[in-house]
Amino acid sequence: MSSKAILPRRPHEGTCGSFSHIWIPTANRNAWFSAISDLAPTEITPSGWQWFQLKACTAAADFLPQEVRLTLREFSRTSSIDTFVLDNLPFVEPGPPPDDRTRPATKPFLHDAVLAGTVGQTLCESFTYKQEDPNLHQEVAPALGQENTASNFSRRSLPWHNDGACFEFELQPYLLAFLGLLNDEDVPTLLLNLDEDILPAISFRLLSELMRPQFIFPVPASLNFGSCEVRVHDRPILFQDRHGVFHVNLPSRDCEQATLEAQEALSEFRELLCGLTARHVVVGPRRLLVFKNTRNLHSRPNVTGKRWFTRTYAAKSLDLHRVATSTSSSEPNSFDARLLLM
Ligand SMILES: [Fe+2]
């Protein structure tokens, strides 16, 4: 696959269409680093993390340049930016990566402070699906026994997809944030933007088929529903929200479709995606990648070497999540995926 852009590892910034690249001035970075270098949760409990997140957000607001804060704040509102990369972030060596999806005891909290602080500026709230991982910050690195799964914890390549495609639009992550910790072999995250890359390449006939609520999506194995294969029915792959903005929904693995038309449209769409020119972003140390989950598709090639990033999902509002799962706003933003699917 050809590459649209491999981001340079040097001071650079600018906006190109739906993509924005922001370089944090080193003076700001150093002051921010000093403010969060000793920050840690008062206790490893939900209330301890809530306190930590608040402190992290305050520090990010204090030390990020005002224009950067405005860009992040607009991201969840009227902005036409669908993806941004923040470079030159505070960083310390993270220690050895996990191989069991859990947070290593040796991992410094500084990384979590950077992630929570930055995502907090978007005014979105981090959340998680309980069955996938009860922690708001998830450690994404190849995990033992999951090398060949269709998940972020495997080493095998992942096809084009968005996360949480099996959920209704309002219950999916609005944004995904990947904070780089290790990436020895510079394995890229690949992105295709809906307006700039995907829609212009689709024929009207295929667009019509993909907008029909005729597709069956499997619930991902990472949601851990046990041995039972759960599927959702009658979903469109492309749809417009109430403002007429297009969104895309595509799981990371396909299942057999109910009709020949759906099967053929899905196969044609997959084939078309593989021929498009993707943006390559190497998520590594000092870099954060944030993108709108249903305005982009993402994928990655095989993972070689050590690769580790901390991920969080965030949404503009969690009201529906709380109603669907009978969770109060004082409880952790960790929601039962089964209840969200009902
Ligand atoms: Fe993903």
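What follows draws every value from the coordinates through simple rules; no lab data is involved. On a predicted model such as this, the values are computed, not experimentally measured, just so you know. Using ideal geometry, Cβ is built from the backbone for each residue, glycine included, and neighbour counts are taken over all protein chains shown.
Worth pointing out:
- Of the GluC sites (Glu not before Pro) found in the range 236-280, those that fall in a DSSP loop while having at most 16 other beta-carbon atoms within 10 Å are GLU256.
- The range 188-238 and the range 146-166 have their alpha-carbon centroids 14 Å apart.
- Within straight-line cross-link reach of LYS55, lysines at Cα separation under 26 Å, skipping those fewer than 8 residues along the same chain: LYS107, LYS130, LYS292, LYS316
- Normalised contact order of the range 137-196, rounded percent, pairs of Cα under 8 Å and 6 or more residues apart: 15 percent
- Relative contact order of the chain, defined on C-alpha pairs under 8 angstrom at six or more residues apart (%): 27 percent
- Exposure proxy shown here: for LEU70, LEU158, LEU64, LEU341, the number of other Cβ atoms within 10 Å sets the order, fewest to most, as LEU70, LEU341, LEU158, LEU64.
- Degrees, to the nearest 10: 46-63 long Cα axis against longest axis of the chain: 80 degrees
- Across all directions, the average flat footprint of the convex hull enclosing the Cα atoms of the chain is 16.4 nm².
- Residue exposure sequence - PHE33, PHE167, PHE215 - by fewest surrounding Cβ within 10 Å: PHE33, PHE167, PHE215
- Cα-based helix-to-principal-axis angle, 110-121 vs the chain, degrees rounded to 10: 60 degrees
- Shown for ASP112, ASP38: other C-beta atoms within 10 Å of each C-beta, ranked fewest to most, produce the order ASP38, ASP112.
- Relative contact order, whole percent, for the range 235-342 stands at 17, derived from Cα pairs under 8 Å and 6 or more residues apart.
- Translational D in µm²/s for the range 271-341 (Stokes-Einstein at 4 °C, 1.567 mPa s, Kirkwood Rh from C-alpha pairs): 82 µm²/s
- Once the Cα atoms are used to define both axes, helix 66-75 deviates from the longest principal axis of the chain by about 30 degrees.
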